[in-house]
Every structure is written in C-alpha cells, then in structure tokens.
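Structure, as structure tokens:
The values are calculated or read from the model by the stated rules, or taken from the named source; none is laboratory data. As the structure is a computational prediction, the values presented were derived from the model and not from experiment. Cβ coordinates were reconstructed from backbone atoms using ideal geometry, including for glycine residues, and neighbour counts include every protein chain displayed. These accessible areas exclude ligands, DNA and RNA; they are computed on the full protein's heavy atoms, side chains included. Shrake-Rupley method; radii C 1.70, N 1.55, O 1.52, S 1.80 Å.
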Amino acid sequence: MLICFDIGGVLIRICRSWEEGCAAAGVPVRPFEADEEHVRGRLELVGDLQRGEMDGPAFAKRLSGMFGGTWTPAEVARIDAAWLRTPYEGTVDLVREIHAAGHETACLSNTSHDHWEVLTTLPSVGMLHQRFASHLMGLVKPDHSIYAAFEESTDRAPAEIVFFDDLAPNIDTAIRRGWDAVQIDHLGDPAAQMRAALRERGLL
C-alpha cells in the first residue's frame with residue numbers, strides 16, 4: 001500500500017488566512033475591502049505560483065498590486081515566507097511506523113519553489129520515499145490530472161493509495177478517482193487522526 005500525504009494542514013501547520021500570515025510575518029494588518037473578484041483573482045494568482053508559472057518575486061509584485069499597494073512586494077514576500085509554521089507533533093514517528101510496517105510513503109502537495117525548498121528540509125517530508133509537488137508537475141489539486149500523473153509516476157492503481165489531505169475538494173477528487181482518501185482536521189491532532197485511520201484499515 002502507498003500512503004500519501006498532503007503537507008500543509010497534514011504534516012505541518014500553515015497560516016489559514018491573510019491576517020494570520022501578517023501576524024506570523026510581523027507585518028501590520030491594514031484595512032482592505034476584499035470583494036469576490038479580488039478573492040477570485042488571488043486564488044488564480046496562487047494557482048499560477050503553485051503550477052510553477054511564476055517565481056516568488058513576480059508573485060509578490062502581482063499580489064501587492066492586487067492589494068493596491070496596501071502591502072508592499074517586500075511585505076508580501078515576508079508573509080509568504082512566514083506562511084509555513086511548525087511540524088505537527090508525532091508526524092515523524094508516524095512516518096517511521098508506516099515504514100516499519102512495510103508500506104511506501106509519498107506526498108502530493110500544492111506548493112511553490114520557495115516553500116518546497118523549506119519543506120524538503122523537514123524530517124517528516126524528507127524521509128518520505130517519494131515527493132510530488134505541484135510546481136514541479138505543472139498541475140494543482142483538485143484537478144484530476146495531478147492525481148492521474150501521480151498514479152502514473154508511482155505505478156500505483158487508485159485502490160492501492162491511502163491519501164490524507166485537509167481540504168474537502170482535494171479529498172473529493174481523490175475519492176472520485178478511487179483513492180482511499182481521508183480528510184484531516186487541521187485543528188485537531190493530525191498524527192493521531194492518521195494513525196487511527198491506518199489502524200482501522202489494518203495497515204498499522
């Protein structure tokens with residue numbers, strides 16, 4: 001069996017809002033009215049970054065412009081760098097248990113070049129047998145194509161994959177493809193949730 005993890009919200013804590021990102025980066029939260037068009041534009045811009053279609057400086061400049069200069073490109077870059085927080089307790093031990101049980105491990109994460117350079121230094125990520133990142137694949141979750149590419153690269157059938165992610169759209173696509181997908185509550189104890197799910201399946 002192949003046990004696949006998302007990273008943010010599953011193996012490590014990440015910021016969940018712009019305000020939280022500002023606080024993490026030590027950047028002031030300033031007044032800004034975000035309408036639906038702005039939110040949609042931000043999501044599209046993040047998608048471009050995570051598909052590897054732009055680098056960090058270009059992203060910071062574009063997002064600063066979308067905010068009308070409320071936050072400078074330098075401040076946006078600081079917030080982006082601070083978005084990754086700390087590993088969840090128990091995740092390293094969990095990966096070790098999975099390996100000891102004879103299972104392969106992988107990650108499938110929507111991320112960027114700059115974040116990936118940090119993530120791959122973390123033990124819970126670095127010790128995985130295989131690592132797949134959106135910016136390297138040119139694809140992002142929850143598009144079916146990234147799941148198909150993962151299956152092809154790992155030479156695994158959907159029924160051979162147990163997948164943990166914290167976002168419902170990503171879980172929904174995985175389930176539609178036939179993966180055994182489990183949504184993680186990032187506000188709880190991800191390691192405990194995953195261990196329980198694996199024990200229920202007789203994998204630990």
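Things to note:
- The stretch 33-81: chymotrypsin sites (Phe, Trp or Tyr not before Pro) in DSSP loop, at most 13 other beta carbons within 10 Å: none
- Cα shape, the stretch 149-204, gyration tensor, a/c 1.5 rule: oblate
- Cut-off 15 Å between beta-carbons: net charge of the residues surrounding residue 100, Lys and Arg +1, Asp and Glu -1: 0
- For the stretch 1-81: rounded, prolate or oblate by the Cα gyration tensor [a/c cutoff 1.5]: prolate
- In degrees, nearest ten, helix 144-154 long axis to first principal axis of the chain (Cα): 50 degrees
- Total charge dipole magnitude, the chain, about the Cα centre, Cβ charges on Lys, Arg, Asp, Glu only, Debye to nearest 20: 240 debye
- Computed over the chain, the P(r) curve from all C-alpha pair distances, binned at 10 Å from the origin, holds 8, 34, 35, 17, 5, 0 percent per bin.
- Only Cα pairs under 8 Å and 6+ residues apart enter the sum, and on that basis the relative contact order of the stretch 12-161 stands at 26 percent.
- Centroid-to-centroid separation of the stretch 45-88 and the stretch 106-127 [C-alpha atoms, Å]: 17 Å
- Whether the stretch 1-47 is rounded, prolate or oblate, judged on the alpha carbon gyration tensor where a/c under 1.5 counts as rounded: oblate
- Charge dipole (the stretch 46-204, unit charges on Cβ, about Cα centre) - positive-most of 95, 116, 58: 58
- Carbon and sulfur %, accessible surface of the chain computed with the full protein complex present, 1.4 Å: 52 percent
- Helical runs assigned H by DSSP (4 residues or longer) give the chain a calculated mean residue ellipticity at 222 nm of -14000 deg cm²/dmol, each run adding -39500 (n - 2.57) before division by the residue total.
- Residues considered: 38, 113, 103. Largest GNM mean-square fluctuation over the chain, using C-alpha springs under 10 Å, is found at 38.
- Longest stretch of the chain clear of exposed loop sites (trypsin sites (Lys or Arg not before Pro), DSSP loop, at most 15 other Cβ atoms within 10 Å, sites excluded): 17-200.
- Net +/- balance of residues flanking residue 3 in space, Cβ distance below 15 Å, scoring K and R +1, D and E -1: -3
- Student exercise, the stretch 8-58 dipole from Lys, Arg, Asp, Glu Cβ charges, in Debye to nearest 20: 300 debye
- For residue 131, neighbours were defined as the other residues whose beta-carbon sits under 13 Å from its Cβ, and their charges (Lys and Arg +1, Asp and Glu -1) total -3.
- The GluC sites (Glu not before Pro) of the stretch 1-58 that meet both conditions, a loop assignment by DSSP and at most 14 other Cβ atoms within 10 Å of the site Cβ, are 33, 53.
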